[in-house]
Amino acid sequence: MHNRLFARSVLLLLLLFVQGTRLALAEDIYQSPDAFLTDVFDEPIPAPVVVWLTGKRGKQVEEILGHQPESLRTRYWSDGERTVWILHEVGKERPITAGIVIGPDGIDRLRILVYRENRGAEVRFPFFTQQFKGASLAPGMMLDRKIDNITGATLSVAAIRRISRLALFLHQEVTR
């Protein structure tokens, strides 16, 4: 009886460990960046353009993100009127990848492409991402509207706000 109880306890602990490891390594791909670009643009997809995040622009990017950007440059795609950005920002511990389309009237579309955190994946749902439609930058490089938080996803929500502001700022920079 004790051996059977011990074996079940060990099995339960092993299952909990495996499940915890799977969650820690989670990477949910909702849409690949290539598929996002295909959805946004009619064929052919424009060639990517590089924008450098150095000098005054780099300092403003750092101010928006609250930290130095991972890279000194980022790519975007443009069809003349719209720019498309595929950006990454850490929520709590791991990067969240989002596709953001900026048009003349602000954010046209925001989609979570890859989510790697253990919690907070609710940011991928339309009830959250639709809040950004039409958003633009207000003074102080802040969004011109309030974005509702999600209980249990506070850091993921903050990350999406930051990269939305970043995409809007960079759109202004490259379309001047």
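The values are calculated or read from the model by the stated rules, or taken from the named source; none is laboratory data. Remember, it's a predicted structure, so these values are computed and weren't measured experimentally. When we count neighbours, we look across all protein chains shown, and the Cβ atoms used for this are built from the backbone with ideal geometry, even at glycine. Accessible surface is based on the protein model in full, side chains and every heavy atom, while ligands, DNA and RNA are left aside. Shrake-Rupley method; radii C 1.70, N 1.55, O 1.52, S 1.80 Å.
Structure summary
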read-out	value
Two-site label geometry, R73 and E122: point separation in nm, points 7 Å out along Cα→Cβ	4.0
Surface share of carbon and sulfur [accessible, 1.4 angstrom probe, percent] for the range 57-176	46
Signed unit charges on C-beta, dipole axis of the chain, positive-most listed residue A159, G106, L137	A159
Debye log10 I(q)/I(0) for the range 113-176, one point scatterer per Cα, at q = 0.15, 0.23, 0.24, 0.29 Å⁻¹	-0.48, -1.00, -1.06, -1.33
Length-normalised contact order for the chain - Cα pairs under 8 Å, 6+ apart - percent	20
Per-pair calculated FRET efficiency, R0 = 22 Å: R57 and D144 via Cβ, rounded to 0.05	0.55
Heavy-atom accessible area order for H67, H88, H171, largest first, 1.4 Å probe	H88, H67, H171
Mean accessible surface per residue for the chain, computed with a 1.4 Å probe while every protein chain stays in place, in Å²	60
Kyte-Doolittle mean at least 0.0 and Cα axial length at least 20 Å: DSSP H helices in the chain	2-24, 154-175
Rounded accessible area of D105 (nearest 10 Å², 1.4 Å probe)	120
Whole-Å semi-axes of the range 33-176's equivalent ellipsoid (Cα gyration tensor)	21, 18, 15
Qualifying lysines (Cα of each under 17 Å from Cα of K133; at least 8 residues distant if same chain)	K146
Neighbour count of at most 13 Cβ within 10 Å plus DSSP loop: longest GluC sites (Glu not before Pro)-free window in the chain	94-176
Solvent exposure, largest accessible area first (probe 1.4 Å, DNA, RNA and ligands not counted), of L155, L53	L155, L53
Amide N of the range 135-163 lying under 11 Å from the label point, which is placed 7 angstrom from the Cα of D105 along Cα→Cβ	135
In Å², nearest 10: area of K92 left accessible to a 1.4 Å probe	130
